[in-house]
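A.B. asks: The structure under discussion is supplied below as structure tokens; questions concerning it will follow.
The values are calculated or read from the model by the stated rules, or taken from the named source; none is laboratory data. Keep in mind that what you see is a predicted model, and the values were worked out from it rather than measured. Please note: Cβ atoms are built from the backbone with ideal geometry, for glycine as well, and neighbour counts cover all protein chains shown. Ligands, DNA and RNA are excluded from the accessible area calculation, which covers all protein heavy atoms including side chains. Shrake-Rupley method; radii C 1.70, N 1.55, O 1.52, S 1.80 Å.
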Amino acid sequence: MGYVFALPETPTVTVVGTKDNFPVRRIYCVGQNYANHVREMGANPEREAPFFFSKPADAVCADGSKLPFPLATENLHHEVEMVVAIGKNGKNISESAAQDYVYAYAVGLDLTRRDLQAEAKKKGRPWATAKGFDNSAPCSTLHRVDEVGHISQGKITLSINGETRQEGDISELIWSVSEVISSLSAFFELFPGDLIYTGTPSGVGPLKRGDKLIAEIENLARLNIEIV
Ligand code: MN
């Protein structure tokens with residue numbers, strides 16, 4: 001049996017230190033995981049449990065991409081985030097075992113149509129159009145745990161046209177990587193190929209055509225993206 005259309009290409013991310021690519025299965029994102037960003041969005045960091053949303057796997061795009069300004073927004077925002085790449089399957093994973101499921105770390109951008117998100121929040125509607133659009137998940141090359149160890153601290157920054165706009169530290173995550181994996185895996189069985197965007201520090205703001213973005217986690221990963 002064939003298919004009525006050609007099978008779509010599997011989205012992938014390159015992996016440092018190997019010629020093989022990481023096939024992306026799903027993209028999960030954590031909302032509001034740094035206290036200073038929770039406050040800038042008008043919420044209370046003390047009372048919010050972790051919550052999740054997702055993006056299509058083919059929203060991922062590579063380091064060096066030139067991204068067309070997306071459709072249907074006048075307020076495209078950047079959110080720099082650490083990305084966790086999952087390397088084995090499991091559900092109801094305990095916090096103490098969670099690190100065993102991490103294959104690699106990267107830096108990424110959770111691009112957001114903030115105007116659509118504000119409207120969705122106001123009306124109690126889903127975030128799909130605000131978060132899950134084409135090219136909304138830029139991701140750097142992956143750095144394997146067996147090369148870099150587990151990442152629990154380090155400066156995370158975003159600059160636009162050479163000017164720093166977001167700055168935080170991985171140690172400021174409200175929900176650690178282990179807590180995020182444990183919590184997420186209580187809702188969904190995780191599989192190799194899943195990416196988790198772990199939340200953004202404060203300083204989110206609008207992007208325009210011509211902006212050159214550099215997202216970076218110190219001593220780990222760097223991602224260059226241009227909006228065209
Ligand atoms: Mn985010």
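A.B. asks: So, counting K/R as plus one and D/E as minus one, what does the shell of residues with Cβ under 11 Å around Arg222 add up to?
C.D. replies: Result for the neighbourhood of Arg222: -3.
A.B. asks: Using a cut-off of 29 Å between alpha-carbon atoms, which lysines can reach Lys91, once sequence neighbours fewer than 8 places away in the same chain are excluded?
C.D. replies: Here the lysines satisfying the reach criterion relative to Lys91 are Lys55, Lys131.
A.B. asks: In a Gaussian network model over the chain where Cα atoms closer than 10 Å are linked, find which of Gly193, Gly154, Gly162 has the largest mean-square fluctuation.
C.D. replies: Highest fluctuation of the listed residues: Gly162.
A.B. asks: Roughly what would the spin-label model give for Asn36 and Tyr3, points 7 Å off Cα along C-beta, in nm?
C.D. replies: Calculated label separation equals 4.5 nm.
A.B. asks: Expressed in nm to one decimal, what extension gain is obtained for the pair Asp58 and Glu189 from 0.36 nm per residue of sequence separation less their Cα-Cα distance?
C.D. replies: Result for the pair: 45.2 nm of gain on full extension.
A.B. asks: If you count only protein heavy atoms with a 1.4 Å probe, what accessible area per residue comes out for the stretch 12-227, rounded to a whole Å²?
C.D. replies: Value for the stretch 12-227: 45 Å² per residue.
A.B. asks: On a full-extension model of 0.36 nm per residue, what is the gain between Glu226 and Ser171, subtracting their alpha-carbon distance, rounded to one decimal in nm?
C.D. replies: Length gained between Glu226 and Ser171: 17.0 nm.
A.B. asks: Anyone know which of Glu163, Glu216, Glu79 comes out most mobile in the 10 Å Cα GNM of the chain?
C.D. replies: Of the options given, Glu163 has the highest mean-square fluctuation.
A.B. asks: Could you go through the stretch 190-203 in sequence order and give the Karplus-derived ³J(HN,Hα) for each residue, using 6.51 cos²θ - 1.76 cosθ + 1.60 with θ = phi - 60°, rounded to whole Hz, and x for Gly and Pro?
C.D. replies: Computed from phi, the couplings for the stretch 190-203 are 8, 9, x, x, 6, 10, 10, 8, 8, x, 10, x, 6, x Hz.
A.B. asks: Follow-up question, since we're still on this one. For n ≥ 4 DSSP H runs only, could you compute -39500 (n - 2.57) per run for the chain, divide by its residues and tell me the 222 nm figure to the nearest 500?
C.D. replies: -3500 deg cm²/dmol
A.B. asks: A follow-up question, please. Using only Cα atoms, locate the centre of the stretch 98-175 and the centre of the stretch 1-19, then give the distance between them in Å, rounded to an integer.
C.D. replies: Rounded to whole Å, the Cα centres lie 23 Å apart.
A.B. asks: Carbon and sulfur together cover what percent of the accessible area of the chain at a 1.4 Å probe radius?
C.D. replies: 49
A.B. asks: Using only alpha carbon pairs under 8 Å that are at least six residues apart, calculate the relative contact order of the chain and give it in whole percent.
C.D. replies: 31
A.B. asks: Something else now. So how many Å³ per residue does the convex hull of the Cα atoms of the stretch 26-88 work out to?
C.D. replies: Enclosed volume per residue, from the Cα hull, is 138 Å³.
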